[in-house]
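Heads up: the structure comes next, in structure tokens.
The values are calculated or read from the model by the stated rules, or taken from the named source; none is laboratory data. Predicted model, so just to flag it, every value in this text is computed and none were measured. Quick reminder, even Gly has a Cβ in these numbers, built from the backbone with ideal geometry, and neighbours come from all protein chains shown.
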Amino acid sequence: MEERAIVFWSCDDNDETLSYTDMDEAVEAYLDEHHVEGPLKVYGYSRMEVRYNGGSYGPLEKLLEDLDEEYGSPDDEADDPTEKMREAEAAFIEAVLAEYVPWACETTKTVEIDPVQWIKEHRPDWLEEGA
């Protein structure tokens, strides 16, 4: 299985407004607002994988329904899709999914850090007298 790229980081596993693209930025922002004793969990979020299940009906059925409503006989049943139409629908769906970038993310990595060690390495100025 291919590892998905982490696009956001947060120290809140229920974060609905992901904004940090760098783990250290997320840690710094969190520690700037919170006093933490003990390990701190940092969560890496990747974009969700899109799985198209066809919904209640696919784009072909919707198109045929619209065409039949506009141009079909009021006395006849709806037109059935042809094999060529189904192949075109499959190619269309494949092209859309290849280009679609979801906004929704899910946690794919959890890192535990020692906040004191992180501060010593990344923000030693916080340890200075009067800081």
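Observations on the model:
- Look at segment 89-100: where a residue is closer than 17 Å to K62 by Cβ and a partner is part of a helix (DSSP H, G or I) and of a type in the set (A, V, I, L, M), sitting 6+ places away or on another chain with Cβ atoms under 7 Å, you get E89/L60.
- Evaluation of D80 against (1) in contact with a Ser or Thr (Cβ under 7 Å, 6 or more places away or on another chain); (2) outside any helix (DSSP H, G or I) (one fails), failing number: (1)
- Residue match in segment 60-74 (condition: assigned to a helix (DSSP H, G or I) and touching a helix residue (DSSP H, G or I) at 6+ places or on another chain (Cβ under 7 Å)): yes
- When each of E112, E65, E37, E70 is tested for being of a type in the set (D, E), outside the structural domain of I6 (by TED's automatic domain parsing) and surrounded by fewer than 10 Cβ atoms within 10 Å (Cβ to Cβ), the lone residue that passes is E70.
- T82 being polar (S, T, N, Q) and touching a residue at least 60 places away in the same chain (Cβ under 8 Å): no
- Residue check, E25 at pLDDT 95 or above, charged (D, E, K, R) and surrounded by fewer than 13 Cβ atoms within 10 Å (Cβ to Cβ): yes
- Boolean, E49 is at pLDDT below 95 and farther than 27 Å from V96 by Cα: no
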